[in-house]
Amino acid sequence: MTETATRPTPDTTVSEADVVVVGAGFSGLYLLHRLRGQGFRVVVFEAGDGVGGTWYWNRYPGARVDVKSMEYSFSFDGELQQEWEWTEKYPPQEELLRYVNHVADRFDLRKDIRLETRVTEAVWDDEDARWMVRTDRGDQVSAAHVIMATGCLSTSKVPEVPGLETYTGRWYHTGHWPKEGVDFTGQRVGVVGTGSSGVQSIPLIAEQAAHLTVFQRTPNFVIPAHNHPIDPEHQRSVKAAYDEHRQAARESGFGIAVPVATKAALEASEEERTALYERAWHDPDNSLVTFLTGFTDMITDREANDTAAQYVRDRIAEIVHDPEVARMLQPTDHPFGTKRPCLGTNYYETFNRPNVRLVDVRRDPIAEITTKGLRTGTEEFEFDALVFATGFDAMTGSLTAVDIRGRDGRSLREVWAAGPRTYLGIQVAGFPNMWTITGPGSPSVLSNMMVSIEQHVEWVSDAIAALRDEGLATMEPDQDAQDGWTRHVDEVGHMTLYPSANSWYMGDNVPGKPRVFMPYIGGVGPYRQKCDEVVSNGYEGFVRRPMRVAAGMS
Ligand code: N01
């Protein structure tokens, strides 16, 4: 593997590109490859000093994907998917980063990627029908299109409690973990947060640290991951029929090919339900969505959902020795799956260790970070290291972090002040030629991201190529189409139990963020069909204009 090209000297002159891509994670890399193949000049800006996005930043102990590797990988190139050998059901971050780097090398992508460069501003010029993109390095690029490939979970969040600047120990956020790793041996460590990142890191930190205190605000549903090395024969058999597997994922609900349920949990007998939950819990081949897809009514009916939730609560009570700790770990305040369920390895077992303590900060919230640790309403804690597994300003945070100004100088932040509004999660009215990969209003985080990324990259690059080939200059959603889609996303979301939970899907984890269900829960397959129909109907719902009309529009 070669290291990515060194950053050229900052240039304050304006350079030109057809497309600026923001972010060099999976989306940005595939965009670069595909747009290049379509004859476009592309520049990719990436804040990190390497490619990989999520898998570049999230290096915390235990970080690994929780969608199976054979499904969580690119399908766009037959040779790539045949030649890459995965080692585990759920590969660790290091392996995923090796894979991303392999992709960058294999398709010779590095020469068009500017690392350690953060895009700060993108301003639309209606006269020229171009974006002016500026970076923190002083770059200025004039481009016909800007594609935000910034990821849904990349703007990390530390808790809004005072005092962090006074803390004299070392502190870390799981989403921005030091490259050189962290050795907690012999240390007193505090971990705040019990979402996916906490669930993965807590068991490993507990093994290393002298003592670990876990601060939990909301207990989560954690299913055994059953991670294991991939049987080479299994890998061969999947690869032999890879196209069919990939197609099944594209047509599925969550981008993960699982059998489609035909029966409601409330129609099934208790024995049938228990048999299914036992399989979902114990089967080494289970997946993140096994519980959610086992019955037709799991995400729409609270009573049905509670049969699965109770099954998990019972398992927690069996695993955790101290009944009071078990009770604290049992989720009762939200339906199963309405906060992202987690896959874990030895998660609940970790709370049986003598060097681990669980603190309920719902009951006794963190009041402040002190010089030596933190203080809740009733107790003071001292730590050598603090770990914030406190998540992200999800879905919109990385888009509004850039000062994006569309037609008439309108800022995306202002336009989205009451919540994101998009057409198909791909474009925003008033922001011509700006594209979002897995943007709010698309299945995105409710799917196998690789399936959704590939679909968006292909759809967007084809839309840009079609514009060029038809002699058109700009494309943006029609306001009515966008309003209709935004309503639809909301309505479908509210047909489910998702909005009943406090979650980052709803923006609840960021104070002041409007409470809107941001992803599209209509299913990856139906969503893809809708996007394809839009194209067959001549990009229905979009306004596409030639240059001479585009220029000067107000
Ligand atoms: O973040 P989270 P994450 N005081 O937002 C708590 C993906 N992912 O980094 O639930 C105390 O889920 C917060 O409590 P609450 C995956 O999509 C995937 O773990 O808001 N606690 C919660 O417990 C995932 O969903 C993988 O009450 C505070 C935790 O911090 C998403 O990324 C691995 C607090 C944050 O959990 C985000 O996961 C990792 C406060 N002030 C991530 N503020 C895999 O593929 C927040 N919390 C395996």
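The values are calculated or read from the model by the stated rules, or taken from the named source; none is laboratory data. Quantities reported herein were computed from a predicted structural model and do not represent experimental measurements. Ideal geometry is used to build each Cβ from the backbone, glycine not excepted, and the neighbour counts take in all protein chains shown. Note: areas computed on protein heavy atoms with side chains; ligands, DNA, RNA excluded. Shrake-Rupley method; radii C 1.70, N 1.55, O 1.52, S 1.80 Å.
Starting from the amide H of L153, placed 1.01 Å from N in the peptide plane, find each other amide H under 5 Å away whose residue is 5 or more places distant or on another chain.
Under 5 Å from the amide H of L153: M395.
Quick one: which residues, 5+ away or cross-chain, put their amide H under 5 Å from the amide H of T376? H built at 1.01 Å from N.
The list, which skips near neighbours in sequence, is A367, F381.
Please list 68-74, 187-193, 111-117 highest first by mean number of surrounding beta-carbon atoms within 10 Å per residue. Kindly include the intermediate steps, with their values, before the conclusion.
Values: 68-74: 21.0, 187-193: 24.4, 111-117: 18.1.
Ranked from most to least packed, the peptides come out as 187-193, 68-74, 111-117.
I want to verify the translational diffusion coefficient of the chain in µm²/s; compute it with Stokes-Einstein, Rh as the Kirkwood radius over Cα pairs, at 37 °C and 0.692 mPa s.
Details: Rh = 24.5 Å.
D = 134 µm²/s.
With the other protein chains left in place, how much accessible area per residue, in square angstrom, belongs to the range 186-255 at a 1.4 angstrom probe? Please report the intermediate quantities before stating the final value.
Details: 2760 Å² over 70 residues.
Per residue, the range 186-255 has an accessible area of 39 Å².
Quick one: what do you get for the range 331-467 if you divide its Cα Rg by 2.2 N^0.38 Å? Please list the in-between numbers first.
Details: Rg = 21.3 Å, N = 137, 2.2 N^0.38 = 14.3 Å.
Working it through for the range 331-467, the quotient is 1.49.
Output ³J(HN,Hα) for the range 333-346: one whole-Hz value per residue in order, computed from phi by the Karplus curve 6.51 cos²θ - 1.76 cosθ + 1.60 with θ = phi - 60°, and x for Gly and Pro.
Listing the rounded values in order: 9, 8, x, 4, x, 7, 9, 4, x, 10, 9, x, 10, 6 Hz.
Test of understanding: what is the full-extension gain from E271 to Y242, defined as 0.36 nm times their sequence separation minus their Cα-Cα distance? List each step's numbers first, then the result.
Numbers: separation 29, 0.36 × 29 = 10.44 nm, distance 3.52 nm.
Full extension of this stretch gives 6.9 nm more.
Between beta-carbons, use under 11 Å as the cut-off and find the net charge around T185, counting Lys and Arg +1, Asp and Glu -1.
Details: positive: none; negative: D183, E207, D384.
Charge balance near T185 sits at -3.
Divide by every residue of the chain the summed helix terms, -39500 (n - 2.57) for each DSSP H run of at least 4, and state the resulting mean residue ellipticity at 222 nm, rounded to the nearest 500 deg cm²/dmol. Provide the component values of the computation, followed by the final result.
Values: 18 runs with 176 residues, N = 554.
Rounded to the nearest 500, it is -9500 deg cm²/dmol.
Under 1.5 on a/c is rounded, so check that first for the range 127-264, then, if it is not, pick prolate when a/b is larger than b/c and oblate when it is not; a ≥ b ≥ c are the square roots of the alpha carbon gyration tensor eigenvalues. Walk me through the numbers before you get to the answer.
Numbers: a/c = 2.05, a/b = 1.08, b/c = 1.91.
The shape class here is oblate.
So what does L412 come to for accessible area, using a 1.4 Å probe and Å² rounded to 10?
Result for L412: roughly 0 Å² accessible.
Could you pull out the pairs from K89/K339; K157/K239; K89/K179; K179/K339; K179/K239; K111/K179 whose alpha carbons sit more than 31 Å apart here?
Working: K89/K339 23 Å; K157/K239 39 Å; K89/K179 24 Å; K179/K339 29 Å; K179/K239 33 Å; K111/K179 23 Å.
The answer is K157/K239; K179/K239.
Take D301, D136 and sort them by solvent-accessible surface of the protein heavy atoms, 1.4 Å probe, largest at the top. Could the numbers behind the result be given before it?
On the way: D301 50, D136 90 Å².
Per-residue accessible area, sorted high to low, gives D136, D301.
Can you give the Rg to Rh ratio for the range 406-554, taking only C-alpha atoms and Rh from Kirkwood? Walk me through the numbers on the way to the answer.
Values: Rg = 15.6 Å, Rh = 16.0 Å.
Ratio of gyration radius to Kirkwood radius: 0.98.
Using a/c under 1.5 as the rounded threshold, could you call the range 427-498 rounded, prolate or oblate? The axes a ≥ b ≥ c are square roots of the C-alpha gyration tensor eigenvalues, and prolate needs a/b larger than b/c, oblate otherwise.
Numbers: a/c = 3.21, a/b = 1.47, b/c = 2.18.
Oblate shape, in that a/c is at least 1.5 and b/c is the bigger or equal ratio.
Determine the sum of side-chain charges near E380: Lys and Arg each +1, Asp and Glu each -1, restricted to other residues whose C-beta is under 11 angstrom from that of E380.
Details: positive: K372, R375; negative: E368, E379, E382.
That works out to -1.
Please name which of Y242, Q216, G181 has its Cα lying farthest along the dipole of the range 164-390 towards the positive end, using unit charges on Cβ (Lys, Arg +1; Asp, Glu -1) and the Cα centre as origin.
Of the options given, the answer is G181.
Determine ³J(HN,Hα), in whole Hz, for all residues of the range 248-261 in sequence, where each value follows from phi through the Karplus function 6.51 cos²θ - 1.76 cosθ + 1.60 and θ = phi - 60°; x replaces Gly and Pro.
4, 5, 5, 8, 7, x, 10, x, 10, 6, 10, x, 7, 5
Sorted by mean Cβ packing within 10 Å, highest first, what order do the peptides 161-173, 476-488 take? Mind showing how you got there, number by number?
Working: 161-173: 14.8, 476-488: 17.2.
Answer by packing, highest mean first, reads 476-488, 161-173.
Against the 2.2 N^0.38 Å scaling, with N counting residues, where does the range 310-353 land? I'd like the Cα-based Rg ratio to two decimal places. Please report the intermediate quantities before stating the final value.
Numbers: Rg = 10.4 Å, N = 44, 2.2 N^0.38 = 9.3 Å.
That ratio works out to 1.12.
Residue by residue, what Karplus-based ³J(HN,Hα) values in Hz, rounded to whole numbers, does the range 310-326 have, using 6.51, -1.76 and 1.60 with θ = phi - 60° and x for Gly and Pro?
Rounded to whole hertz, the list is 5, 4, 5, 4, 5, 5, 4, 4, 6, 7, 8, 5, 7, x, 5, 5, 4.
Can you give the local net charge around A466? Use residues other than it whose beta-carbon is closer than 13 angstrom to its beta-carbon, Lys and Arg +1, Asp and Glu -1. Mind dumping the intermediate values first?
On the way: positive: R468, R544; negative: E458, D462, D469, E470.
My count for the surroundings of A466 gives -2.
For the range 55-212, which whole percent of the accessible surface, found with a 1.4 angstrom probe, sits on carbon and sulfur atoms?
On the way: 2850 of 6030 Å².
Looking at the range 55-212 in its full context, I get 47 percent from C and S.
Quick one: grab the alpha carbon gyration tensor of the range 172-213, order the square roots of its eigenvalues as a ≥ b ≥ c, and give me rounded if a/c is under 1.5, else prolate or oblate depending on whether a/b is larger than b/c. Walk me through the numbers before you get to the answer.
Values: a/c = 1.84, a/b = 1.13, b/c = 1.63.
It comes out oblate by the Cα gyration axes.
In terms of modelled amide H atoms, which long-range or inter-chain residues lie less than 5 Å from the amide H of W171?
For W171, the qualifying residues are L386.
Can you give me the distance in nm between label points at V161 and D108, each placed 7 Å from the Cα along the Cα-to-Cβ direction?
That separation, rounded to one decimal, is 5.3 nm.
Give the ranking of S444, S196 by solvent-accessible surface, highest area first, calculated with a 1.4 Å probe.
S196, S444
Largest first, how would H228, H321 line up by accessible area (1.4 Å probe)?
Details: H228 65, H321 140 Å².
The residues order as H321, H228, largest area first.
Taking 2.2 N^0.38 Å as the expected size of a compact globular protein, what ratio does the Cα radius of gyration of the range 224-292 give against it, to two decimals? Numbers along the way, then the final one.
Numbers: Rg = 14.2 Å, N = 69, 2.2 N^0.38 = 11.0 Å.
In units of the globular-protein estimate, the range 224-292 measures up at 1.29.
One quarter of the convex hull surface, Cα atoms only: what value does that give for the range 19-60 in nm²? Intermediate results must be reported in sequence, preceding the final value.
Details: hull surface 10.8 nm².
Seen from a random direction, the Cα hull of the range 19-60 projects 2.7 nm² on average.
How big is the range 164-390 by Rg and Dmax over its Cα atoms, in Å?
In Å, with Rg to one decimal and Dmax whole: 19.9, 60.
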